[in-house]
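Chemist: Let me begin by handing over the structure; questions about it come next.
Derivation of every value follows stated rules applied to the coordinates shown; laboratory data play no part. Keep in mind that this is a model prediction, so the values were computed, not measured. Because the Cβ atoms are built from the backbone with ideal geometry, glycine has one as well, and the counts that use them run over all protein chains shown.
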Amino acid sequence: MMFYYDHKIRVRYGETDKMGVVYHGSYPLYYEEARTEMLRSIGLSYVELERRGIMMPVREMHVRYIAPARYDDLLTVHVEIRQMPGARIVFHYRILNQRKALINEAELTLVFVNMETSRPCRIPQDFTEALEPYFR
């Protein structure tokens, strides 16, 4: 089983280049927004994790650009967690345009890190509990 979430994003003018095409560096911002809203949808918050001394930096990012997105397109960012996380969590992304055509794919690995020691740490218990129903 897995946990997935769909998030809508409208392309803003400032995210495009001179040709009106979404700049490649804008996509990680889309991933982050969808990931944050995914976690918020099950009661988890980056802000709360940081208050408790845990951060989640990106360790790896693999991106495949398939077709361009353009100014004012309404995109669907589909994000999945396919495995129960431990000290790291892997997010899989597919971005579809308003015609439901796949335009981008990515995989990001984030790690749970203790902010005091800057060392990896286990996933917090409440994080595990929030995700468990999706992996039964």
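Chemist: Can you put PHE91, PHE112 in order of Cβ neighbours within 10 angstrom, beginning with the fewest?
Modeler: Arranged by neighbour count, lowest to highest, PHE91, PHE112 become PHE112, PHE91.
Chemist: Moving on to the next point. At 222 nm, what helix-only mean residue ellipticity would the chain give, in deg cm²/dmol to the nearest 500, using -39500 (n - 2.57) for each DSSP H run of four or more?
Modeler: Calculated at 222 nm, the ellipticity per residue is -6000 deg cm²/dmol.
Chemist: Let me ask something else about it. Can you match volume of the Cα convex hull per residue in Å³ to one of these, (i) 111; (ii) 121; (iii) 145, based on a calculation from the structure here?
Modeler: Only one option fits the structure, namely (i).
Chemist: Let me ask you something else. About its Cα centre, what dipole magnitude does the chain give when the only charges are +1 on Lys and Arg Cβ and -1 on Asp and Glu Cβ, stated in debye to the nearest 20?
Modeler: Here the size comes out at about 220 debye.
Chemist: From the residues VAL90, PRO68, LEU102, which one has its Cα farthest along the dipole of region 68-120 in the positive direction, the dipole being from +1 and -1 charges on Cβ of Lys/Arg and Asp/Glu about the Cα centre?
Modeler: Toward the positive end, the furthest listed residue is LEU102.
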